1. For the range 255-269, enumerate the residues that are within 24 Å of R120 (Cβ to Cβ) and surrounded by fewer than 12 Cβ atoms within 10 Å (Cβ to Cβ).
2. Which pairs do you get when a residue that is among the aromatic types (F, W, Y), found in the range 145-165, comes within reach of a residue that is at pLDDT 90 or above and outside any helix (DSSP H, G or I), reach meaning Cβ atoms under 6 angstrom, with the pair 6+ apart or on two chains?
3. How many residues are of a type in the set (A, V, I, L, M) and open to solvent by less than 40 Å² (accessible area, probe 1.4 Å) when one looks only at the range 30-65?
4. If I ask for residues that are within 22 Å of S22 (Cβ to Cβ) and either in contact with a helix residue (DSSP H, G or I) (Cβ under 7 Å, 6 or more places away or on another chain) or open to solvent by less than 90 Å² (accessible area, probe 1.4 Å) (or both), which ones from the range 66-82 would you list?
5. How many of the residues in the range 26-60 are in a loop (DSSP other than H, G, I, E, B) and within 29 Å of the chain's Cα centre (by Cα)?
6. Quick one: in the range 229-249, which of the residues that are among the charged types (D, E, K, R) and within 22 Å of the chain's Cα centre (by Cα) is least open to solvent (accessible area, probe 1.4 Å)?
Amino acid sequence: MIAEAVKILPHWDEAIQIWKESTNEKKDKPSFRASAYRTGKHAYNSEDVEGSVGWGVIERCGWPVKLKGHDTEVCCYIHENTATLGLSIGARALYWRNRHRLGHTTLKTSVAYAMCVLARLSPYDVVVDLCAGVGTIPIEAKRAWPDIHCIAGDITKENVEATRENAAHTNSSIDVVLWSALTFPLLRRDSVDKVISDLPFGVRHGSFQKNQTLYHHIFKNMTYWMRDGGLAVLLTIERGLIARLVQAHKCWKIVALHNIKMGGLAVAV
């Protein structure tokens, strides 16, 4: 079915033209490989999708397949029952941008940027990342919305130093603080507009038991220093724990839930 869809995609020729202009590709029949990324349960696997996409491209364009050293990559992203196809226009994935120092569980910059979009950032917003790691989220926020004020905090000196280095590497003006989310209060009352954080999963670091205490203090802090109408965008594996904390703190409500796959884990924003 996907092969047939590839053969009749209405904007395929436009996509090829954009790709050629972006990469200065001159070949009439460039080599390619097909890659598939799936979220959800399906009656087929990723190799089936890649084979179907590849066959569709061959039928439509006559391009030769080359698994290594190819000129472009045709990517198919399947989320539940929706498929999106596109052509890679860069030698490296966007989630490698703005990298200088990495952490043990560094968030992809593309995911960080998407979280910033969900936060509906506005000029002069005060934006806080409680568990900043190496600063991926605040750096993405500051580079895309330069008029906001970002505060990045983390519990380890190593991550704080890495955040400062990454911010300097990208010329991003960010306040970086060494703190523990267990401390209360971290900031002044009614001083923050948005919180955007990748919260600990309790898998590689910490534990699910420790998250019970940590998340409680995070909500206690956010409730204290968030302004009326403020918004928190949280990446977590702890859906049930977040739901219970929202119910316990009546001033909060869940306005949207986005389920994604990350590193083989089913997480949510």
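1. V255, A256, L257
2. Once the first residue is among the aromatic types (F, W, Y) and sits in the range 145-165, its partners that are at pLDDT 90 or above and outside any helix (DSSP H, G or I) give W145/L121.
3. Qualifying residue count for the region: 5.
4. Passing the criteria: G69, H70, D71, T72, E73, V74, C75, C76.
5. 6
6. Per the stated criteria, the residue is E238.
The values are calculated or read from the model by the stated rules, or taken from the named source; none is laboratory data. Just so you know, these numbers come straight off a predicted model, no measurement behind them. Here the Cβ is made from the backbone with ideal geometry for all residues, glycine too, and neighbour counts use every protein chain on show. Areas reflect the complete protein model, heavy atoms only, side chains present, ligands, DNA and RNA absent. Shrake-Rupley method; radii C 1.70, N 1.55, O 1.52, S 1.80 Å.
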